[in-house]
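Working notes for the structure below.
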Amino acid sequence: MKVSCPVCRKMTQWKGNPWRPFCSERCKTIDLASWASEEYRIPAERLGEEELEEERRGKTDEPADVPSSEGGDAA
Ligand SMILES: [Zn+2]
């Protein structure tokens, strides 16, 4: 069974995933941080994950300058 991560929308394995419903600890942290920021109005900089923050905005608003960040598999 796969679920889509509420943070980054990536399909992620549900079974055996300690971070579910998130895909990773990172997304779980981001979700908690977004809560905190809603409550305390603090920037998410403390995460040091500007890239992900940007991605979140891109999903709800419009793509930044990356045409498609998904499907790519460059390592
Ligand atoms: Zn995720």
Pairs returned, first residue in the range 6-17 that is free of Cβ contacts under 8 Å to residues at least 40 places away in the same chain, second residue that is acidic (Asp, Glu) and near the ligand (Cβ under 10 Å from one of its atoms), beta-carbon separation under 9 angstrom, 6 or more apart or interchain, are PRO6/ASP31
Kindly establish whether PRO18 is modelled with pLDDT of 90 or more, more than 12 Å from the chain's Cα centre (by Cα) and within 14 Å of the ligand (Cβ to nearest atom).
-> yes
With the condition kept exactly as written, say whether any residue in the range 7-15 is away from the ligand (no atom under 16 Å from the Cβ), at pLDDT 90 or above and not in a helix (DSSP H, G or I).
-> yes
Residues in the range 29-47: is at least one in contact with a helix residue (DSSP H, G or I) (Cβ under 9 Å, 6 or more places away or on another chain) and modelled with pLDDT of 90 or more?
-> yes
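The values are calculated or read from the model by the stated rules, or taken from the named source; none is laboratory data. Bear in mind that the values here come from a model prediction, so they are computed numbers and not experimental data. Every residue, glycine among them, receives a Cβ derived from its backbone with ideal geometry; neighbour counts consider all protein chains shown.
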